[in-house]
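Have a look at the structure below, then the notes.
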């Protein structure tokens, strides 16, 4: 029995050791505590400047601990504080740097990424770059993991569309948000007000009052003074056009509510309305109060900005001091390394110079031979594109026209003569700076006849606006080459040309119902066309597998 008791005690001891070891390992792998981050969180509401300083200290400690999530979190909070303090450019810089510290597939990281991109969108909106703000809100929606952050990003995106006067898209987003706020009365009231305001902005004959009052009733019932102030503002704006007394009534209610809320900006907004709609005997009092509040708010905001700017300056100065110390240390190491490198370079330079001189003698001879060959190719290509195809285009116009204008024909031939003279001077007759889409259309028309119908889809000015001159030049001659070969070889009576853009590329699809361009491919493989496609980093595919159609797909990047 004693032996069993000893064995039992041994088991207990082993289990205790295992538990202790497990706890020790867990403690060992647990990330170190960052006291600066915890302190910053506690200060953020009442002392944002101190919170900003401690978030920066937390970020530095997280960097030392190699905790990328902690670094990202600290930067996100610093960006949010900068936004609230009106330092929009600083907020942009900090928030953009925060994104690279998050793992985009990690759920926690996605939560912070949503906050970060939403903050970037709001900052960019404040800087009046509404299109860029919309892209940031789209990124926030992409990383959103809950319905609340999704609604916030959608609402903010709608505000940017509203600022762009794109009421249609704004209304679509607000309606989508409204469908998700049925169980949240305050969010429902806010979204209903936004939708109603958009409808009134789109159509001045629309009566927004019933919806405004419905939202106001919800806000009064829920005790939402900020929401009530918004409703009063919208109602005052609406009645200003047709019922001054009602406009004055709601502006006055907005003013009194703003006083209760101690919101200087809302008081100023209400006073602006009162100055416009109040009885003349009261206007002077409202105006004096407006000036007083405006000066006071401006002073407070300026002092606040100056104080925050000083905080930013101290942080940047400290960072520069650290960087300067590191730079000096690195400089000392580099001086030693540089001396060793110089010796190696001198020896290597002598060896390289010797071998380079020998190879240079050989390459100069090869360059001369290549230059002669390239010159030959250049002039063959110029004659083919600017003379042969143009001659065939003139022949096509003569063949397709019932009556030939002799003077016009002579002018065209004289133009071809001038082109042949100018080839040696590398003069291009095609004016890329002119209306490029129209030039393409004219070229298509020259191949259109009673026997051959040519249909184009998507040849609009917007399609070509970002292309450089070289790309436009090559595309013009590629299409000219295809239509010329169609006329010579395909025997088609129907041609379709489709143009479109998608994900950074321009796509051109050529379709005809002829026998294809087998003869042209056999003769020269349309090598000139393929070479041009390579010059613009594009691709071309020939598909003659269809029984009744010959298809050529062309694609190339437009940036």
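None of the figures in this text is laboratory data; all of them are computed from the coordinates on show. If you're wondering where the values come from, they're calculated on a predicted model, not measured in any experiment. Heads up, the Cβs are rebuilt from the backbone with ideal geometry, glycines too, and the neighbour counts pull from every protein chain shown.
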Net length gained if the chain between residue 138 and residue 450 were fully extended (0.36 nm per residue, minus Cα distance): 107.3 nm
Protection-proxy order for peptides 263-270, 501-508, 67-74, each taking the mean of Cβ atoms within 10 Å per residue, highest first: 67-74, 263-270, 501-508
Likely footprinting exposure, 356, 200, fewest C-beta neighbours within 10 Å first: 356, 200
FRET efficiency for residue 527 and residue 276, using Cβ-Cβ distance with R0 set to 56 Å, rounded to 0.05: 0.15
Overall form of the range 39-148 per C-alpha gyration tensor (a/c, 1.5; a/b vs b/c): oblate
Additional length obtainable on full extension of the chain from residue 537 to residue 97, 0.36 nm per residue less Cα span: 155.1 nm
Shape category assigned to the range 144-266 from the gyration tensor of Cα positions, a/c cut at 1.5: oblate
Exposure proxy order (Cβ contacts within 10 Å, fewest to most) of 142, 205, 125: 205, 142, 125
Length released on extending from residue 351 to residue 244, taking residue separation times 0.36 nm less the Cα-Cα span: 29.3 nm
Fewest-first sequence of 351, 164, 482 by Cβ atoms within 10 Å of each Cβ: 351, 164, 482
Label-point separation in nm, residue 63 to residue 179, each point 7 Å along Cα→Cβ: 4.6 nm
Global geometry of the range 439-545, whether rounded, prolate or oblate, following the gyration tensor of its Cα atoms and the 1.5 cut on a/c: oblate
Residue 284-residue 226 FRET efficiency (beta carbon distance; Förster radius 25 Å; 0.05 resolution): 0.25
Theoretical FRET efficiency, 1/(1+(r/R0)^6), r = Cβ-Cβ of residue 129 and residue 199, R0 30 Å, to 0.05: 0.70
Distance histogram in 10 Å bins (all Cα pairs of the range 147-198, percent per bin): 29, 59, 12, 0
Most to least packed among 89-96, 551-558 [average Cβ atoms within 10 Å]: 89-96, 551-558
Cα centroid separation - the range 196-230 against the range 71-106, whole Å: 34 Å
